[in-house]
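Read the structure below first, then the notes.
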Amino acid sequence: MIFARMGIRTRDVLEAARTKWNFLGFEPGLVGGHCIGVDPYYLTHKAESMGYIPQIILSGRRLNDGMGRYVATQLVKMMVKKAHRITDANVLVLGITFKENCPDIRNSKVIDIVRQLQDFACNIDIFDPLADPLEVKHEYGIDLITKESDLKPGYEGIMAAVAHDEFKRLDIRRYKAPGCVVYDVKNIYADSDEYL
């Protein structure tokens, strides 16, 4: 978020940081799932019961919990700048699972992106070849595309939310409308308009 305001790509900063011998390669993204997205709250609950307010942990969770709404809003702002309509805009979300190459949808933060885009009255298609469409329908009440052949051309916005290997090989140009905005949460496409 800081780098975006500075006009610097996070990918470039991480590449420079990798030249340092003791660099730990953490990548930005949506932090969900049944462990990292939940377990810190057990610790904060215990700390608070002991009279200590763990501000750093709580601040980190607040930031992570708001990331889905943030990236969805950034996509919409970029679409507005390119003079796209927002109401009834066709948006493709790549991925619904909480992490790449995994079928698990528990506590996925991608749903926050979807809900925010729904609030903007966008038409949303969600493509994930790994997730179980019946589980997604039951858990989130949304329909899922599981085959690339069911995608349609003409998306004004594409949100690359999960870095499945299948998506790295996907030629998204086939599905872009003229002036399509691509927001790449996981930095998998070199020609994206914006990265997290």
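The values are calculated or read from the model by the stated rules, or taken from the named source; none is laboratory data. Nothing here was measured: the structure is a model prediction, and the numbers come from that model. Counting neighbours? That spans all protein chains shown, and the Cβs are built from the backbone with ideal geometry, glycine included.
Things worth noting here:
- Of the residues making up the stretch 160-185, just one is within 13 Å of the chain's Cα centre (by Cα), free of Cβ contacts under 8 Å to residues at least 40 places away in the same chain and more than 20 Å from A83 (Cβ to Cβ), namely D184.
- Whichever residue in the stretch 1-11 is in a loop (DSSP other than H, G, I, E, B) and of a type outside the set (A, V, I, L, M, F, W, C) and, among such residues, is nearest to N107 (Cα to Cα): R9
- Hits in the stretch 154-192 (condition: under 14 Å from P129 (Cβ atoms) and β-branched (V, I, T)): V162
- No other residue among A131, A121 is in contact (Cβ under 8 Å) with a residue 12 or more places away in the chain, under 24 Å from P28 (Cβ atoms) and not in a helix (DSSP H, G or I) apart from A131.
- Residues located in the stretch 81-128, provided they are of a type in the set (D, E) and closer than 17 Å to C180 by Cβ: D88, D125
- Flag for A89 being in contact (Cβ under 8 Å) with a residue 40 or more places away in the chain, of a type in the set (A, V, I, L, M) and in contact with a Cys (Cβ under 9 Å, 6 or more places away or on another chain): yes
- Condition met for I86 (assigned to a loop (DSSP other than H, G, I, E, B) and touching a Phe, Trp or Tyr at 6+ places or on another chain (Cβ under 6 Å)): yes
- The single residue among I111, I126, I105 that is within 17 Å of the chain's Cα centre (by Cα), more than 29 Å from K82 (Cα to Cα) and at pLDDT 95 or above turns out to be I105.
- Every residue from the stretch 12-33 that is assigned to a loop (DSSP other than H, G, I, E, B) and within 20 Å of K186 (Cβ to Cβ): R18, F23, L24, G25, F26, E27, P28, G29, L30, V31, G32, G33
- From P28, P40, residue being over 30 Å from N123 (Cβ atoms), in contact with a helix residue (DSSP H, G or I) (Cβ under 9 Å, 6 or more places away or on another chain) and either hydroxyl-bearing (S, T, Y) or surrounded by 14 or more Cβ atoms within 10 Å (Cβ to Cβ) (or both): P40
- Residues of the stretch 134-162 that are assigned to a loop (DSSP other than H, G, I, E, B), small (G, A, S) and loosely packed, with under 14 Cβ neighbours inside 10 Å: G141, G154.
- Consider the stretch 43-65 and keep the residues that are small (G, A, S) and touching a helix residue (DSSP H, G or I) at 6+ places or on another chain (Cβ under 9 Å). The one that is modelled with the lowest pLDDT is G60.
- Residue, nearest to Y140 (Cα to Cα), within the stretch 70-114, restricted to residues that are of a type in the set (K, R) and surrounded by fewer than 16 Cβ atoms within 10 Å (Cβ to Cβ): R106
- Within the stretch 174-183, being in a helix (DSSP H, G or I) and in contact with a strand residue (DSSP E or B) (Cβ under 9 Å, 6 or more places away or on another chain) holds for one residue alone: Y175.
- Restricting attention to the stretch 49-70, the residues that are closer than 26 Å to I111 by Cα and small (G, A, S) total 4.
- Residues of the stretch 34-82 classified as assigned to a helix (DSSP H, G or I), over 23 Å from M159 (Cα atoms) and aliphatic (A, V, I, L, M), total: 5
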